[in-house]
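Visitor: The following block contains the structure, expressed as C-alpha cells.
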Amino acid sequence: MTRVFEGVRVLELGSGAAGPVATRYLAEHGARVIRIESARAPDFLRILWLTPESRFGLDGSPMFHLLNPDKESLAVNLREPEGVALVERLALEWADVVSENFAPGPMERWGLDAASLRRERPELICVSACLFGQTGSQRSYPGFGGQGSAISGFNHLTGWPDREAIGPAHTITDSLSPRFVALAITAALLERRRTGRGRTIDLSQIEAAVYCQSEVLARYTANGEVVTRRGNADDHTCPHGVYPCAGEDRWIAIAVYDDAQWRALRSALGEPPPGWASGAQLEALSGRLAARDALDAGLAAWTRGFEPQPLMERLQAAGVPAGVVQSEPDLLADPQLAHRGHWVPTEHPHLGTLLVERAGFRLSDAESGFSRPGPLLGEHTDAILRELLGLDHAKIARLRENGVLE
Amino acid sequence: MLSGLRVLDLCDESGQLAGRILGDLGADVIAVEPPGGKALRHRGPWLGGQPGIERGVAWHALNASKRSVRLDPDAPADRARLESLVATADVWLDTPAPGARAAQGLDPAGLRARHPRLVVCAITPFGLDGPWSRYRAGDLIAVALGGNMGLTGDPDRAPLRCTMPTAYYHAAPEAALGVTMALYAREESGRGQIVDVSLHETQLQTQLSFPAQYPIKKQGARRAGPRIGRTREIWRAADGYVSFGLRGGPTRVKNLIATVELMDECGAAPDWLRDYDWAHYNHNTLADAEIARLEEAFGAFFATRTMRELYEQALVRRILLAPCNDAREIAEHRQLRERELFATVELPELGSSLELPDFFAKTEDGAIRVRRRAPRLGEHEREVFAELEGREGPAA
C-alpha cells in the first residue's frame, strides 16, 4: 500500500489552526508539507500557554507540535527581499500547493499572492483561508475563531433558552473550516490530475461555517423562522437529553429516535416500568413530546443510580442510543478510538511523548499516519535550502549572517 | 471540479450534507430513495407551514445539487436496476446501520468485490469495526462521546450540544474529503477503496488537540458557560449578545485598550479604567475581584449599545468583538452579502423560495456552487433509467 499524497508538495504560510490543521490531513496521507516560519513573528501557537519558566522557548508549546505533525520548518525573515525570494523559488520551482491563512495583505506585499504566483506558474494550486475571505469591506477584520463562531451563528444556537448564548466549546470555525480547506485542495489536486489545470481558492472560515448552517438559513429565508438555542431539546426525538450519573460531574446522553427504541428503554427501566414511563400515549412521539418534562425528570432520577460507562453498555445492549459525556482523560482511554488508532504517540525532543490525532476517517487501501510531532522552529532550514534549492554551505552561511535566515 | 463523476447518495440525515458538498463541487449526485422517499422528506418544518414530502425545509437545505430516483433494494427488479446504476457510478455514499446492507449485498465489502473501481464511503456512528461499532448514535450521542459536550454549557446545569447537529456538520466535509482522496488515488491505481467515517472520531477535532495535552497539564478543562477559563467571552448587548475576550497577550491587549478608548469617547470609561496599567496586564494572574471590576465596567458599556453599533466600532478600531448572529443577522451580514454568499433557490411549483449558502469556498469561475434545487421524489428517473437502458440495450 502507498500513501495517497505520496509526492505531493505543499508550501504553507500562516498560523493558528484553520490553515495548519487542513494541511495536517494532507501530511497524514503522505504529502510533504513545508511551513514557512519566523522567530520574529512566530505562529501564536508556539507561545500559547508558555509559562515564564518554560525552558524551550518557541519549541515548548505542546499545541503547536500537536497540530503540525510530520511537517518541516523553514525559518526565514520575510522582511528581507532575499528571504521572500527563497520562498518564491520554493513556490514556483517546488510546490504543487501553496496554502496560507493570513488576513489579506502580507501575501500581496511579498508578491506571493495567488495572482502573482500563478502568472508564473498557472498549474499551481493556491489556497487562502482567512476569517472573512479575500474580498469585501470586512476582509481585513483581525478576528480569531471566537469571532468566527459568533458571526456564523453557532454561539446563538448553543445554550439554554432562559440564559445567554454560549457556543460550543473551543471555536467551531477552527474545526469546521480546516476540513473544507483540505477538501478544496484535494478536489483541486484531483482536477489537476485529470485536466492539468491549477486553481485559486478563496475560503472564508466564517462562510464555510455558515455553509454548514444551510438548514438554519433556509428556515429563515423560506419561512421567516429564527431558530434559537433550546438546551438539549429536539422536536423529532424524545427523550433527548443529558442526565446525571453517579460520581462527580458525570453524565450520560440518551436519545430515543423511534418508538421501538422507546419500548427498549422502558424495558430497561425494569418490570413493571415506573409510573412516569407508563401509559399508551408514550408509545408515539407526540405523546412523549407532550410529556417531555416528566420524562426528563424521571430519567434523571433513574440514571443517578448508575456509573455512566456500565449504564451506556447496558442501554446500548438493549438497543437504546446512549453515550457517556466523556472527559479529556476518558477520551485518552476510549476503547473505540484506541481500536482505530486515533492517538499516535510521537516523541518530541523537549516535551516527551505527544499524542498526535488522526483524521476521523480511514481509507481501506492506503497507508496513513504520523511519525513525528511538529517541527522545531527552523529545524529543516538548511536541508530544504540545500536539497530543494541547491544552495551550498557558504551561501546558506552568508544568508544566516545577513539575517535572512533565522 | 468533480464534473464527470457520479455519486449515489443513500444517506439519511446524518450524511446528506456530504452529498450536497460533492454536488456543489460539480459531481452528478443521485439521491437513491425508498419508494416513499427518504425520512427527512417526512420531517418539518415545512415550506409555508404546509406538510408534504416535497416541502421539508431541511430536505431542501441538505439535498440541493442532487437528482432523485426511487429504488427499493428489497424488490428484485429494483435491485437489478440499482446494480446497473452502481456500475455507472464512481462513489457510493451511505449511512448504513450496523449490518443493514449485507443481506442485499450492498455493504462495503460486497460492493467493492463486484465493483473494484467504486469508492465506497460509509458514514457511521463509530466506524465499521471495533468494540463500539454496533452501538447506535445520532448527533447528541456523538457529541457526548466525542468530548465537546463535556466542556459546553453552564457549570450548574447538564452539559449541552448545539441545537443544530454539529456532529453531522463535522462528518460531512470529512467524508467528502476522504471520498475525494480515494478518487485521487484511483486516478493512478485504477481501484476504488472504502472510506470509513466515524461521527464519534470526527468530533475529536472540535477540541483542537486539547485532550492530548491533558497528560502534560494534568488538568482538564471544565464547563464555564459564557466564559473561557476565568474571563467572560459572551456579553449582553442592548439587543442580544456579543463575543469579546478579556484575555491578555500582545494582540489582545491592544484591543482592550482600543475598547477603553471607545468607552472614553462615549463618556463611559470610569477614571480607574482610563488610567489602567495595560502594560502589565495578565488575565491569568488577576485577582477575582479585579476580574469582576473589569467585567462590570465593560459589561455596563456593552449593555447600552446594540450589537450592530458595537460591531461597527469594532471594525473601525480593530477590536476583537463580534455579534452573536442569529439566522436573520447572518442573512443580512454586510460582508457575506458583498461576497454573494447566498443563492436564491426558486421553488415556483411550491409557491416558495429560499436562500442557501452557495459555496464553502470561492474560485475564479464559481466552480463550487449550488447546481439545482433539491429534487422531487423520483424526479429524474426517466432520464437516469433511459441512460441505463441505453447502456444495457433494449429490455428483454
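Visitor: Residue by residue, what Karplus-based ³J(HN,Hα) values in Hz, rounded to whole numbers, does segment A:365-380 have, using 6.51, -1.76 and 1.60 with θ = phi - 60° and x for Gly and Pro?
Guide: Calculated HN-Hα couplings, in order: 10, 9, 7, 7, x, 9, 10, 8, x, x, x, 5, 4, x, 4, 10 Hz.
Visitor: Still on this model: Could you check what % of the DSSP bridge pairs in the protein assembly as shown are antiparallel, to the nearest 5?
Guide: Numbers: 36 of 79 bridges.
Close to 45 percent.
Visitor: What is the count of Lys pairs in the protein assembly as shown whose alpha carbons sit under 29 Å apart, if the two are 8 or more places apart or on different chains? If you can, show how the numbers build up before the last one.
Guide: Working: A:Lys71/A:Lys395; A:Lys71/B:Lys217; A:Lys71/B:Lys218; A:Lys71/B:Lys362; B:Lys38/B:Lys66; B:Lys66/B:Lys362; B:Lys217/B:Lys254.
So the count of such lysine pairs works out to 7.
Visitor: OK, next. Add -39500 (n - 2.57) for each DSSP H run of 4 or more in chain A, then divide by its residues: what number comes out at 222 nm, to the nearest 500 deg cm²/dmol? Mind dumping the intermediate values first?
Guide: Working: 17 runs with 153 residues, N = 406.
So the helix-based figure for chain A works out to -10500 deg cm²/dmol.
Visitor: Would you please give the residues with an amide H less than 5 Å from that of B:Cys324, counting only those at least 5 places away or on a separate chain, with H modeled from the backbone geometry?
Guide: B:Tyr241, B:Val242, B:Ser243
Visitor: Continuing with the same structure: How far, in nm, would the chain grow between B:Arg134 and B:Thr285 when pulled straight, counting 0.36 nm per residue and subtracting the alpha carbon separation?
Guide: On the way: separation 151, 0.36 × 151 = 54.36 nm, distance 4.78 nm.
That works out to 49.6 nm of additional length.
Visitor: What value, in deg cm²/dmol to 500, does the helix sum -39500 (n - 2.57) over DSSP H runs of n ≥ 4 give at 222 nm once divided by the residues of chain B?
Guide: Working: 15 runs with 145 residues, N = 396.
Computed mean residue ellipticity for chain B: -10500 deg cm²/dmol.
Visitor: Positive end of the dipole of segment B:1-152, charges at C-beta (+1 Lys, Arg; -1 Asp, Glu), about the Cα centre: which of B:Leu47, B:Ala87, B:Gly15 has its Cα farthest in that direction?
Guide: Going by the charge dipole, the pick is B:Ala87.
Visitor: Averaged over peptide B:220-228, how many Cβ atoms belonging to another chain are found within 10 Å of each residue's Cβ?
Guide: On the way: counts 5, 4, 2, 4, 2, 5, 7, 1, 5.
Average per residue, whole number: 4.
Visitor: While we're here: Relative to a virtual label point 7 Å from the Cα of A:Phe56 in the Cα→beta-carbon direction, which members of segment A:325-349 show backbone nitrogen distances below 11 Å?
Guide: A:347-349
Visitor: Sticking with this structure for a sec: Could you give the angle, 0 to 90 degrees to the nearest 10, between helix B:166-189's Cα long axis and the longest principal axis of the Cα atoms of chain B?
Guide: In chain B, helix B:166-189 runs at an angle near 50 degrees to the longest axis.
Visitor: By how many degrees, between 0 and 90 and to the nearest 10, does the Cα long axis of helix A:18-28 differ from the longest principal axis of chain A?
Guide: 90 degrees
Visitor: Right, something else. Among DSSP beta bridges lying fully in chain B, give the percent that are antiparallel, nearest 5.
Guide: Working: 16 of 37 bridges.
The antiparallel proportion sits near 45 percent.
Visitor: I've got another one for you. Say R0 is 25 Å: what FRET efficiency, to the nearest 0.05, do B:Glu295 and A:Thr228 get from their beta-carbon distance?
Guide: Values: r = 25 Å, r/R0 = 1.00.
E(calc), rounded to 0.05, equals 0.50.
Visitor: Among B:Ile257, B:Ile194, B:Ile21, whose mean-square fluctuation peaks in a Gaussian network model of chain B (Cα, cutoff 10 Å)?
Guide: B:Ile257
Visitor: I want the local charge near B:Leu336. Using Cβ-Cβ distances under 13 Å, sum +1 for each Lys or Arg and -1 for each Asp or Glu among the other residues. Walk me through the numbers on the way to the answer.
Guide: Values: positive: A:Arg139, B:Arg328, B:Arg334, B:Arg337, B:Arg339, B:Lys362; negative: A:Glu207, B:Glu329, B:Glu332, B:Glu338, B:Glu340, B:Glu355, B:Asp358.
It works out to a net charge of -1.
Visitor: Sticking with this structure for a sec: Taking 22 Å as R0, compute the FRET efficiency from the Cβ-Cβ separation of B:Gln50 and A:His236 and round it to 0.05. Write out the running numbers ahead of the final one.
Guide: Working: r = 18 Å, r/R0 = 0.82.
Step by step, r from the Cβ atoms, then E = 0.75.
Visitor: Also, quick follow-up: With +1 on each Lys and Arg Cβ and -1 on each Asp and Glu Cβ, and nothing else charged, work out how big the dipole of segment A:338-398 is about its Cα centre, in Debye to the nearest 20. Working shown, then result.
Guide: On the way: 7 positive and 8 negative charges, 22 e Å.
Once rounded to the nearest 20, the dipole reads 100 debye.
Visitor: Would you pull out the residues with amide H under 5 Å of B:Ala343's amide H, same chain only if 5 or more places away, H placed 1.01 Å from N?
Guide: Here B:Leu356, B:Asp358 satisfy the definition.
Visitor: Could you compute the net charge surrounding A:Ser177? Neighbours are other residues with a C-beta less than 14 Å from the C-beta of A:Ser177; K and R count +1, D and E count -1. List each step's numbers first, then the result.
Guide: Details: positive: A:Arg24, A:Arg179, B:Lys362; negative: A:Glu100, A:Asp174, A:Asp202, A:Glu207, B:Glu174.
Spelling it out: positives minus negatives among the neighbours equals -2.
Visitor: Another question, then. Against the longest principal axis of chain B, how steep is helix B:250-265, in degrees 0 to 90 to the nearest 10, with axes from Cα atoms?
Guide: So the inclination is approximately 60 degrees.
Visitor: Oh, and also: Quick one: Karplus J couplings for segment A:96-106, per residue in order, coefficients 6.51, -1.76, 1.60, θ = phi - 60°, nearest Hz, x for Gly and Pro?
Guide: Here the 3J(HN,Hα) series is 8, 9, 10, 10, 9, 9, 5, 4, x, x, x Hz.
Visitor: Testing the spin-label approximation: label points 7 Å from Cα along Cα→Cβ at A:His339 and A:Ala290. State their distance in nm.
Guide: Taking the simple label geometry, A:His339 and A:Ala290 are separated by 4.1 nm.
Visitor: Hey, fewest Cβ within 10 Å first, where do B:Arg230, A:Arg194 land in order?
Guide: Details: B:Arg230 13, A:Arg194 16.
Fewest-to-most Cβ neighbours within 10 Å comes out as B:Arg230, A:Arg194.
Visitor: If you don't mind, there's one more thing I want to ask. Between A:Asp162, A:Asp174, A:Asp96, find the one with the highest GNM mean-square fluctuation for chain A; connect C-alpha pairs within less than 10 Å.
Guide: Looking only at A:Asp162, A:Asp174, A:Asp96, the biggest GNM fluctuation is shown by A:Asp162.
Visitor: Right, here's the next one. Which order results if B:Leu151, A:Leu332 are arranged by neighbouring Cβ count within 10 Å, fewest first?
Guide: Details: B:Leu151 22, A:Leu332 17.
Listed from fewest to most nearby Cβ atoms, that is A:Leu332, B:Leu151.
Visitor: Give me the number: length gained by fully extending A:Leu92 to A:Glu401, i.e. 0.36 nm times residue separation minus the C-alpha to C-alpha distance, one decimal in nm. Please report the intermediate quantities before stating the final value.
Guide: Values: separation 309, 0.36 × 309 = 111.24 nm, distance 2.55 nm.
Separation in residues times 0.36 nm, less the Cα-Cα distance, equals 108.7 nm.
Visitor: Note down the relative contact order for segment B:1-112 as a percent, whole number, built from C-alpha pairs under 8 angstrom at least six residues apart. Don't skip to the end; give the middle numbers.
Guide: On the way: 171 pairs, mean separation 35.5, N = 112.
Reported as a whole number, the value is 32 percent.
Visitor: Which of A:Glu271, B:Glu174 has the fewest other C-beta atoms within 10 Å, and how do the rest follow up to the most?
Guide: Details: A:Glu271 6, B:Glu174 27.
Starting with the residue having the fewest Cβ neighbours, the order is A:Glu271, B:Glu174.
Visitor: Using a 10 angstrom cutoff on alpha carbons, build the Gaussian network for chain B and name the most mobile of B:His283, B:His115, B:His170.
Guide: Looking only at B:His283, B:His115, B:His170, the biggest GNM fluctuation is shown by B:His283.
Visitor: Let me make sure I get this right: for segment A:240-327, a, b and c are the square roots of the gyration tensor eigenvalues over alpha carbons, sorted descending. Under 1.5 in a/c it's rounded, otherwise prolate if a/b > b/c, else oblate. Which is it? Could you put the intermediate results ahead of the total?
Guide: Working: a/c = 1.75, a/b = 1.60, b/c = 1.09.
Here segment A:240-327 falls in the prolate category.
Visitor: Still on this model: Return the long-range amide H neighbours of A:Gly352 (sequence gap of 5 or more, or a different chain), with a cut-off of under 5 Å between placed amide H atoms.
Guide: Excluding prolines and chain starts, which carry no amide H, there are no hits.
Visitor: Count the net charge of all other residues whose Cβ sits under 13 Å from the Cβ of A:Asp365, scoring Lys and Arg as +1 and Asp and Glu as -1. The partial results should precede the final answer.
Guide: Working: positive: A:Arg3, A:Arg362, B:Arg112, B:Arg117, B:Arg186, B:Arg191; negative: A:Glu367, B:Glu188, B:Asp196.
Net of charged neighbours comes to +3.
Visitor: Right, here's the next one. What is the dipole size for segment B:227-332, taken about its Cα centre, with +1 at each Lys and Arg Cβ and -1 at each Asp and Glu Cβ, in debye to the nearest 20? All intermediate terms of the calculation are to be shown ahead of the outcome.
Guide: On the way: 14 positive and 17 negative charges, 71 e Å.
It works out to roughly 340 debye.
Visitor: Under 14 Å from a point placed 7 Å out from the Cα of A:Ala383 along the Cα-to-Cβ direction: which residues of segment A:52-80 have their backbone N that close?
Guide: A:70-75
Visitor: In sequence order, what are the phi-derived ³J(HN,Hα) couplings for segment B:376-384 according to the Karplus relation 6.51 cos²θ - 1.76 cosθ + 1.60 with θ = phi - 60°, rounded to whole Hz, with x for glycine and proline?
Guide: Whole-Hz 3J(HN,Hα) from phi for segment B:376-384: 6, 4, x, 4, 10, 4, 4, 6, 5.
Visitor: Projecting each Cα onto the charge dipole of chain A (Lys/Arg +1, Asp/Glu -1 at the beta carbon, about the Cα centre), which of A:Ile396, A:Gly143, A:Val256 comes out farthest on the positive side?
Guide: Of the options given, the answer is A:Ile396.
Visitor: If you split all Cα-Cα distances of segment B:227-332 into 5 Å bins from zero, what percentages do you get per bin, shortest first?
Guide: Cα pair-distance distribution for segment B:227-332, in percent: 2, 12, 23, 27, 19, 10, 3, 2, 0.
Visitor: Here's a follow-up. If r is the Cβ-Cβ distance from B:Arg191 to B:Lys217 and R0 is 51 Å, what FRET efficiency results, to the nearest 0.05?
Guide: On the way: r = 44 Å, r/R0 = 0.87.
After rounding to 0.05, the efficiency reads 0.70.
Visitor: Charges only on Cβ, +1 for Lys and Arg, -1 for Asp and Glu: so what's the dipole of the protein assembly as shown about the Cα centre, in debye to the nearest 20?
Guide: 400 debye
Read the figures in this text as sums done on the coordinates, not as results from a lab. The structure displayed is predicted, hence computed values, not measured ones. All Cβ positions, glycine included, derive from the backbone under ideal geometry; neighbour counts span all protein chains shown.
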